[in-house]
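The values are calculated or read from the model by the stated rules, or taken from the named source; none is laboratory data. Just so we're clear, the structure is a prediction, and the values are computed from it rather than from any experiment. Please note: Cβ atoms are built from the backbone with ideal geometry, for glycine as well, and neighbour counts cover all protein chains shown. Please note that ligands, DNA and RNA were not included when accessible areas were found on the heavy atoms of the full protein model with its side chains. Shrake-Rupley method; radii C 1.70, N 1.55, O 1.52, S 1.80 Å.
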Amino acid sequence: MEPVEITEDGVLLRPWQEADADAVHRACQDRDIQRWTTVPRPYRPEHAHGFVTELSRRAWAEGTGAPFAVCDPATGELLGSCGLTSITGDGTGTIGYWTIPQARGRAVMVRATRAVARWSFRTLGLRRLIWQAEVGNHASRLVALRAGFRIDGRVRLADLPDGGPDAWIGSLLSGEVPEPGSAGPAGRGTLVARRAAVFGRPQPTLFATAPVGELRIRPMEEQDLDAVVQTCQDPETIRWTTVPDPYERADAQWYQGFGQDAWARGDAACFVIADQADRYVASLDLRLSPADPLLADVGFMTAPAFRGRGYLPAALIALSAWGFTTLGLARIEWKANVGNKSSRRVAEKAGFTFEGTARGGLQHRGERMDVWVAALLAEDLT
């Protein structure tokens with residue numbers, strides 16, 4: 001296959017040249033490129049030289065790939081890498097890309113990916129393009145969405161020595177590539193792109209005002225572990241929640257990691273509530289429904305010493321408002337075993353409307369239990 005150049009929508013895509021080696025070496029020192037791609041670590045000058053000469057040339061010559069340097073068409077400055085990392089006999093190509101730090105946030109890779117996709121379908125006659133990225137790489141996911149890819153699920157990265165984490169996988173067919181300059185089916189305003197942008201940033205700290213003063217709603221930290229253990233060893237916590245019994249420090253450490261992973265996956269936002277002295281007061285989770293993109297549910301528990309002081313209703317209102325405005329939710333549900341009056345008071349004080357009892361609605365310590373159900377809608381807070 002003969003190498004080609006593509007100039008489209010403000011980007012130049014050309015075959016790699018030996019003179020690019022220094023720029024590639026500098027780019028691949030970037031922490032995010034090393035974190036999310038398969039470049040060697042540490043990345044040495046000989047790796048860059050081998051990539052722009054031997055590896056890229058062989059891919060073109062053998063027709064197994066189509067690697068492009070992404071450049072500024074006016075200055076020739078290297079902006080990133082984009083191309084087909086594999087081409088199979090059934091008409092499928094796999095796309096991969098990275099952007100230098102200085103060029104991020106300018107939709108460079110969105111435009112480059114669309115250009116490569118159009119060329120792949122029109123010139124190579126491919127039937128389908130595949131995109132794949134490790135779960136948590138929201139920047140790559142956002143590029144894929146804006147380039148028109150439909151992200152359909154997850155696969156296990158079995159090619160890694162330890163099995164590896166899960167990966168998101170998406171596909172793009174001919175006729176689905178947005179036209180140059182268009183926002184595309186997953187522009188900034190759509191829900192999937194919106195959430196990719198949210199979960200691609202560090203988890204935020206929210207604020208709420210309770211009768212006792214300002215609260216911080218923040219990610220769980222190492223300093224919270226002992227208080228979480230004490231809370232989860234409390235008989236009322238064990239009675240009404242599904243925390244392990246007995247509860248050890250290792251369980252709290254596991255849950256801290258679970259919260260970090262859930263944020264990286266874009267599945268949930270797990271917070272702790274801290275008072276003005278930054279002491280642990282409670283835990284508060286917002287979990288997105290895998291079946292309904294506009295639905296989430298909340299769960300919470302309070303340290304015994306802070307119960308009944310109005311902390312949780314104020315924090316729940318703040319978290320719900322964030323879920324509606326930032327994540328685009330339409331409905332947030334609260335559920336609790338029938339009889340958990342303290343939890344119900346918190347939900348109702350936060351504005352949740354009680355809707356009834358779901359018979360056998362939840363699994364609780366080996367049994368199906370009847371549960372109360374309440375909900376808050378986006379319009380309830382307007």
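Identify the residue in region 346-382 that is part of a helix (DSSP H, G or I) and in contact (Cβ under 8 Å) with a residue 12 or more places away in the chain and, among all such residues, is surrounded by the most Cβ atoms within 10 Å (Cβ to Cβ).
The selected residue is ALA347.
Sort through VAL272, VAL243, VAL228, VAL298 and tell me the only one that's part of a helix (DSSP H, G or I) and closer than 25 Å to ALA350 by Cα.
The match here is VAL228.
Which residue is modelled with the lowest pLDDT, if the candidates are limited to region 163-183 and must be surrounded by 18 or more Cβ atoms within 10 Å (Cβ to Cβ) and assigned to a loop (DSSP other than H, G, I, E, B)?
Within region 163-183, the match that is modelled with the lowest pLDDT is PRO178.
Quick test for you: out of SER320, SER289, pick the one residue that is of a type in the set (S, T, N, Q), free of Cβ contacts under 8 Å to residues at least 40 places away in the same chain and either touching a helix residue (DSSP H, G or I) at 6+ places or on another chain (Cβ under 6 Å) or open to solvent by less than 40 Å² (accessible area, probe 1.4 Å) (or both). Outline the logic, then answer.
Values: SER320 fails: free of Cβ contacts under 8 Å to residues at least 40 places away in the same chain.
Result: SER289 is the single residue among SER320, SER289 that is of a type in the set (S, T, N, Q), free of Cβ contacts under 8 Å to residues at least 40 places away in the same chain and either touching a helix residue (DSSP H, G or I) at 6+ places or on another chain (Cβ under 6 Å) or open to solvent by less than 40 Å² (accessible area, probe 1.4 Å) (or both).
Scan region 115-132 residue by residue and report those that are open to solvent by 10 Å² or more (accessible area, probe 1.4 Å) and under 25 Å from ARG35 (Cα atoms).
Initial filter on region 115-132 (open to solvent by 10 Å² or more (accessible area, probe 1.4 Å)): 118-119, 121-128, 130, 132.
The answer is ILE130, GLN132.
Looking at region 292-317 only, could you name the residues that are modelled with pLDDT of 95 or more, in contact with a Leu (Cβ under 8 Å, 6 or more places away or on another chain) and open to solvent by 60 Å² or more (accessible area, probe 1.4 Å)?
Within region 292-317, LEU294, ILE317 qualify.
Give region 258-273 a look and list any residue that's in contact with a helix residue (DSSP H, G or I) (Cβ under 8 Å, 6 or more places away or on another chain), more than 14 Å from GLY323 (Cβ to Cβ) and at pLDDT 95 or above, or say none.
VAL272, ILE273
Just the residues that are under 27 Å from the mean Cα position of the chain (by Cα) and either open to solvent by 20 Å² or more (accessible area, probe 1.4 Å) or over 23 Å from LEU286 (Cβ atoms) (or both), please, taken from region 210-240.
Those that are under 27 Å from the mean Cα position of the chain (by Cα) and either open to solvent by 20 Å² or more (accessible area, probe 1.4 Å) or over 23 Å from LEU286 (Cβ atoms) (or both): ARG216, PRO219, MET220, GLU221, GLU222, GLN223.
Has region 257-270 got at least one residue that is farther than 25 Å from VAL192 by Cβ, open to solvent by less than 30 Å² (accessible area, probe 1.4 Å) and over 18 Å from the mean Cα position of the chain (by Cα)?
Looking for residues that are farther than 25 Å from VAL192 by Cβ, open to solvent by less than 30 Å² (accessible area, probe 1.4 Å) and over 18 Å from the mean Cα position of the chain (by Cα), one finds none in region 257-270, hence no.
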